[in-house]
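Chemist: What follows is a single structure, and I will ask about it in a moment.
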Amino acid sequence: MEQVTDHFLAATGKVIAVHLNYPSRAAQRGRTPLQPSYFLKPTSSLVAGAGTVERPLGCELLGYEGEVALVIGTTARRVSLEDAWNHVAWVTASNDLGVYDLRYADKGSNVRSKGGDGFTPVGPALVPAPAVDPAGLRLRTWHNGELVQDDTTEDLLFPFARLVADLSQLMTLHEGDVILTGTPAGASVAVPGDVVEVEVSTTAAVDGGETLSSGRLATTVTAGTVPFADFGARPKTDDLQREEAYGSRAAAGLPVLASVLTPELKAKLESVATATLSSQLRKRGLNNVSIDGLQATRPGAKVVGLARTLRYVPNREDLFTSHGAGFNAQKRAIDSVNEGEILVMEARGEKGTGTVGDILALRAQVRGAAAIITDGGVRDFTAVAGLDMPTFFANPHPAVLGRRHIPWDTDITIACGGTTVQPGDIIVADTDGILVIPPAIAEELVDECIQQEKEEAFIFSMVKDGNSVDGLYPMNAAWRARFAEWEANHNA
C-alpha cells in the first residue's frame with residue numbers, strides 16, 4: 001500500500017475535524033449532538049508517519065485522540081449521501097493532538113489548543129477507500145504499549161458519507177483534504193517520553209484476502225524548551241480541563257465528586273413511604289411533584305435513583321427521517337444511563353404506541369439502571385415485565401414508537417405524568433406512587449419523614465390499644481409528652 005509522505009501531505013489544503021462522533025465518547029462527555037460540528041486544524045500541524053510531538057513548555061495536558069482520517073480523492077461540492085463515499089480516496093490513522101491548557105483562549109475554535117506544529121500525525125500507510133466498508137473499520141490506540149482505545153465505525157453517530165456530504169454543502173472539498181472523524185472513549189493525556197500509537201484496520205478480510213491496515217502510527221512526546229511570549233495567551237488549566245483531558249475525574253487523579261444521592265441518603269429514602277414524603281413535600285408548598293397514572297411491572301418494588309431524561313415529540317414524517325433513525329435520542333439515552341439512575345421519558349401521556357421494548361429495556365438493566373419511567377406505552381410487555389428492573393408505564397401497546405413519537409432530546413427538563421422532571425432530580429417510587437424530589441431539600445426532607453413515621457407508629461400503637469384519635473391525631477401537648485417518653489424508651 002502507498003505510504004503517507006510529506007510530499008503526499010503537501011497537497012492537503014485543509015484539515016477538518018469532527019467534535020463528537022462515537023457513542024462511547026458522547027456518553028463519556030455527557031452530551032450527544034443531533035448534527036455533526038467541526039473545527040479546522042492548520043496544514044502546518046500535519047506530520048507524515050512516525051515522529052515526535054512537542055508538549056509546549058508550561059503546558060500540562062497534551063491530549064491524544066486516535067482517529068480515522070479520510071483523504072479526499074476527487075472534488076466534492078454539494079454531493080449526495082449516496083455519492084459521498086466515492087469522493088474519498090484513502091483511509092488512514094491519525095492522532096488529533098492538542099493542549100487543553102489553551103482551550104480557554106480559543107472560544108471553541110481550537111486554533112491554539114489543537115493547531116500546534118506536529119499536532120496531526122497521519123499514516124503510516126494509506127488504505128484504499130474503495131476497498132473497504134466505511135462501517136467496517138477498527139480503530140485502536142496504544143499508550144506506552146497499553147491498548148487504551150478499541151472501537152469500530154459500525155455505530156457512529158454520523159457515518160463517514162454523511163460527514164463528506166454535509167461538509168460539501170457549504171465548502172468545496174478538494175483532492176488531498178483530510179477529514180478527522182472523531183475519537184472513541186479512552187483518549188487521555190501523554191507526557192514527555194510517552195509513545196502513542198494509532199492503527200486503523202478493516203474488521204474483516206477484504207475480497208477473501210487479508211484485513212487491510214494503516215500500520216501503527218507512532219508518536220513520541222518530547223518536552224518543549226521555549227517559553228510562551230508575554231504578549232499572547234499563556235497556558236493555564238483547572239480541574240475541569242484535567243477531567244476533560246483524561247476522560248474522568250478518577251483517571252485524572254482527582255477526588256470523585258460525591259453524588260447528592262449518597263448511600264446514606266438513599267438508604268433513608270428507601271426506609272420511608274412515598275405517602276410520608278408527599279406530606280412533607282406538601283408542607284414545603286410542593287404539591288405537584290408526583291408522576292401520576294402509571295402502573296408498574298414489579299408492583300412491590302421500592303425504587304430510589306437520580307433522574308435521567310428523554311423527550312419524545314409528536315411524529316412528523318419529515319422530522320422522523322432525520323431524528324428517528326440510527327443511534328437516535330432514545331438509543332443514546334438507554335446506552336448512557338448509569339448504575340442506579342432512572343430513565344424518565346416524556347411521552348405526553350400518549351398511549352397509542354410503545355416508547356420502550358424488551359431489547360432496550362434489557363440494555364438499560366445491563367447498564368445498571370434502577371428503573372424506566374414512561375407516561376406512554378410499553379412494547380413487548382411480557383418480556384419487559386420479566387426483567388428484574390422495574391418499568392413504570394401507562395399501558396402495554398404493540399406498535400413501535402414511530403407510530404406516534406420522534407425521539408428528540410436527552411438530559412433536558414421534561415414533563416412526565418403531569419409533573420416536571422429535571423436531570424438529577426431524585427425519584428422515589430413504591431406501591432403508593434412516584435415522587436420527584438428536588439435534590440437540594442432531600443436530606444432535610446427525609447429526616448423529617450423519619451421523625452413523622454416514628455410519630456405515626458406511636459399513634460397507630462395507641463389507636464390499636466383503644467385510644468380515641470381526638471387529641472392524638474394530630475397530637476396535643478399531653479400526647480406529645482407521652483410520645484417523647486415512648487420514643488426515649490424505643491431509642492434506648
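The values are calculated or read from the model by the stated rules, or taken from the named source; none is laboratory data. Given the structure is predicted, the values throughout are model-derived calculations rather than measurements. FYI the Cβ positions are ideal-geometry reconstructions off the backbone, even for glycines, and counts take in every protein chain you see. For the accessible areas, the whole protein counts, side chains as well, though only heavy atoms, and no ligand, DNA or RNA atoms are used. Shrake-Rupley method; radii C 1.70, N 1.55, O 1.52, S 1.80 Å.
Chemist: If you check every pair at least six apart or on different chains, which have Cβ atoms under 9 Å apart with a residue in the range 233-245 that is more than 10 Å from D101 (Cα to Cα) and open to solvent by less than 70 Å² (accessible area, probe 1.4 Å) first and a residue that is part of a loop (DSSP other than H, G, I, E, B) and not charged (D, E, K, R) second?
Modeler: D239/A252; D239/L254; E243/A251; E243/A252; E243/L254; E244/L61; E244/A252
Chemist: So G209 clears everything in (1) in the same structural domain as C59 (by the TED database); (2) touching a residue at least 60 places away in the same chain (Cβ under 8 Å); (3) surrounded by fewer than 19 Cβ atoms within 10 Å (Cβ to Cβ); (4) among the small types (G, A, S) except one condition, right? Which one?
Modeler: (2)
Chemist: Tell me, which residue of the range 189-198 that is closer than 27 Å to S213 by Cβ and surrounded by fewer than 20 Cβ atoms within 10 Å (Cβ to Cβ) is farthest from the chain's Cα centre (by Cα)? Full working, then the answer.
Modeler: Here is the first cut: in the range 189-198, the ones closer than 27 Å to S213 by Cβ are 189-190, 193-198.
Those still in the list that are surrounded by fewer than 20 Cβ atoms within 10 Å (Cβ to Cβ) too: 193-195.
Numbers: G193: 32, D194: 29, V195: 29 Å.
Result: G193.
Chemist: Provide a single number: the residues in the range 272-289 that are closer than 30 Å to I334 by Cβ, of a type in the set (S, T, Y) and open to solvent by 30 Å² or more (accessible area, probe 1.4 Å).
Modeler: Number satisfying all stated conditions: 1.
Chemist: Looking at R234, R162, R216, R249, which is the one that is within 23 Å of V111 (Cβ to Cβ) and not aliphatic (A, V, I, L, M)? Walk me through it before giving the result.
Modeler: Numbers: R162 fails: within 23 Å of V111 (Cβ to Cβ); R216 fails: within 23 Å of V111 (Cβ to Cβ); R249 fails: within 23 Å of V111 (Cβ to Cβ).
Within the list R234, R162, R216, R249, the selection yields R234.
Chemist: Now, a different point. With of a type outside the set (K, R), closer than 22 Å to L81 by Cα and in contact with a helix residue (DSSP H, G or I) (Cβ under 7 Å, 6 or more places away or on another chain) as the only criterion, which of A135, A161, A131 stands out?
Modeler: Being of a type outside the set (K, R), closer than 22 Å to L81 by Cα and in contact with a helix residue (DSSP H, G or I) (Cβ under 7 Å, 6 or more places away or on another chain) holds for just one of A135, A161, A131, which is A161.
Chemist: Name the helices (runs of 4 or more DSSP H) wholly within the range 4-114 that hold at least 1 residues that are touching a Pro at 6+ places or on another chain (Cβ under 9 Å)?
Modeler: Counting at least 1 such residues, we get 23-29, 81-84, 111-114.
Chemist: Would you be able to say whether some residue in the range 127-148 is within 23 Å of G209 (Cα to Cα), of a type in the set (K, R) and surrounded by 16 or more Cβ atoms within 10 Å (Cβ to Cβ)?
Modeler: Of all residues in the range 127-148, those within 23 Å of G209 (Cα to Cα) come to 127-140.
Subsequent filtering for residues that are of a type in the set (K, R) retains 138, 140.
Now drop any that are not surrounded by 16 or more Cβ atoms within 10 Å (Cβ to Cβ), which leaves 138, 140.
Taking every residue of the range 127-148 in turn, at least one turns out to be within 23 Å of G209 (Cα to Cα), of a type in the set (K, R) and surrounded by 16 or more Cβ atoms within 10 Å (Cβ to Cβ).
Chemist: Scan the range 115-147 for residues that are in a strand (DSSP E or B) and touching a residue at least 12 places away in the same chain (Cβ under 8 Å) and report the count.
Modeler: First pass over the range 115-147, keeping only residues in a strand (DSSP E or B): 120-128, 137-143, 146-147.
From the residues that got through so far, the ones that are touching a residue at least 12 places away in the same chain (Cβ under 8 Å) too are 120-128, 137-143.
The qualifying residues number 16.
Chemist: Output yes when any residue across the range 461-480 is under 23 Å from the mean Cα position of the chain (by Cα), surrounded by 14 or more Cβ atoms within 10 Å (Cβ to Cβ) and not hydrophobic (A, V, I, L, M, F, W, C), and no when none is.
Modeler: Taking the range 461-480 and keeping what is under 23 Å from the mean Cα position of the chain (by Cα), we get none.
The answer is no; no qualifying residue exists.
Chemist: While we're here: Would you mind stating whether V446 is of a type in the set (A, V, I, L, M, F, W, C) and within 24 Å of I426 (Cα to Cα)? So that I can check it myself, show each step before the final result.
Modeler: On the way: of a type in the set (A, V, I, L, M, F, W, C): yes; within 24 Å of I426 (Cα to Cα): yes.
Yes.
Chemist: For the range 113-123, what are the residues that are surrounded by 16 or more Cβ atoms within 10 Å (Cβ to Cβ), more than 24 Å from the chain's Cα centre (by Cα) and at pLDDT 95 or above?
Modeler: At the first step, the residues of the range 113-123 found to be surrounded by 16 or more Cβ atoms within 10 Å (Cβ to Cβ) are 113-116, 118-123.
With the extra rule that they be more than 24 Å from the chain's Cα centre (by Cα), the set shrinks to 115-116, 118-123.
Of everything in the range 113-123, those that are surrounded by 16 or more Cβ atoms within 10 Å (Cβ to Cβ), more than 24 Å from the chain's Cα centre (by Cα) and at pLDDT 95 or above turn out to be G115, G116, G118, F119, T120, P121, V122.
Matching residues to (1) open to solvent by less than 30 Å² (accessible area, probe 1.4 Å); (2) farther than 26 Å from L240 by Cβ; (3) in a loop (DSSP other than H, G, I, E, B):
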| residue | (1), (2), (3) |
| --- | --- |
| E154 | no, yes, yes |
| D166 | no, yes, no |
| M171 | no, yes, yes |
| G176 | yes, yes, yes |
| P184 | yes, no, yes |
| A218 | yes, yes, no |
| T222 | no, yes, no |
| V226 | no, yes, yes |
